1. Give the residue, chosen from 148, 134, that is more than 20 Å from residue 92 (Cα to Cα), in the same structural domain as residue 228 (by TED's automatic domain parsing) and modelled with pLDDT of 85 or more.
2. Looking at (1) closer than 22 Å to residue 93 by Cα; (2) touching a residue at least 60 places away in the same chain (Cβ under 8 Å), can you tell me which one residue 7 breaks?
3. Can you name the number of the only condition in (1) under 18 Å from residue 133 (Cβ atoms); (2) modelled with pLDDT of 85 or more; (3) touching a strand residue (DSSP E or B) at 6+ places or on another chain (Cβ under 7 Å) that residue 166 fails?
4. Looking only at the range 15-44, which residues are touching a helix residue (DSSP H, G or I) at 6+ places or on another chain (Cβ under 7 Å) and over 29 Å from residue 258 (Cβ atoms)?
5. Inside the range 31-72, can you point out the residues that are out of contact with any strand residue (DSSP E or B) (no Cβ under 8 Å at 6 or more places or on another chain) and buried (at least 19 other Cβ atoms within 10 Å of the Cβ)?
6. For the range 155-170, which positions are assigned to a helix (DSSP H, G or I) and within 28 Å of residue 29 (Cα to Cα)?
C-alpha cells in the first residue's frame, strides 16, 4: 500500500472538506448533518491533501464496543492507488483505539469490493423508500403521545434492539417532535425525526408500525431506510413504495444488531 499523509480534520479545513463531499454528493456535506457529526465526542474526521487540495476523506464514529465508518471518498484523479484503503485503515485504527470491537459501514457494490479485501463481511442490505408529502395518510389507533426529546429509556431500548451504544448520538439530535407508546411503566415503541431525512425508532410490536410511519411521515417528505427483510421493510413494500438503492451493510468483527425486526429507521442519513 502506498503511503499517504492523512490528518484529523482541523477547523481551517472544514469548508474544503464539506465542499469536497458536496461535489461527490455525500449527505454529510449538509450543514446540519456535518455540524451534528462534529458535535459528537466519538467522531473523528480525516482528510488527505495534495498541495492544499483535499483528495480524500473519511470519518469514524465511536459508539462504545461498536463504531461506524463513513464519508470514505477519494478524488477521481487519485483513485486506484490505495488511498481509499489507507483512509479506511486510518478510521479502523482510530475506532479500535477507542474500544470498538465491531466496525460497521454502508457500502455501494463497488465500494464493497474494497472493503471485502480488508476483511469486512456482508451482513445485510438496505433499501430506501422516498416518501413525498401526502404519500402517507394519517393512521390513528394506538395511544401515542408526543415527546420533545429522547431520554435514557429511549437509549436503553435502542441498545436492546440495535446492540449498539448510540445514546450519545441520539442525545445530540435537535429538540423535535417525536412520539412514544408506554404500557404501564414499559416503553413499547418510539419514533423520532433524525438529522437530514432520517428517522430513528424502535417497536416491540409490529402492529404499531402503521401508525409509527404515519406519525413521523404524514405531511412531510423524507426517506425511510430499512434493513431488507424486516417488518418495516415488508410494510413499505405492501404500501407500494419502490426502493431507491440497495447499499450493503458490512461489518469487521461481527454485526452487533440484536433484533433488526424492531428497528424502525436509521439514526441518521449516514449511520445505519
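The values are calculated or read from the model by the stated rules, or taken from the named source; none is laboratory data. Computed from a predicted structure; not experimentally measured. Cβ placement follows ideal geometry from the backbone for every residue including glycine, while neighbour counts extend to all protein chains displayed.
1. Only one candidate passes the filter, namely 148.
2. Just one mismatch for residue 7, condition (2).
3. The failed condition is (1).
4. 18, 21, 22, 29, 34
5. Of everything in the range 31-72, those that are out of contact with any strand residue (DSSP E or B) (no Cβ under 8 Å at 6 or more places or on another chain) and buried (at least 19 other Cβ atoms within 10 Å of the Cβ) turn out to be 33, 34, 36, 63.
6. 155, 158, 159, 162, 167, 168, 169, 170, listed by residue number.
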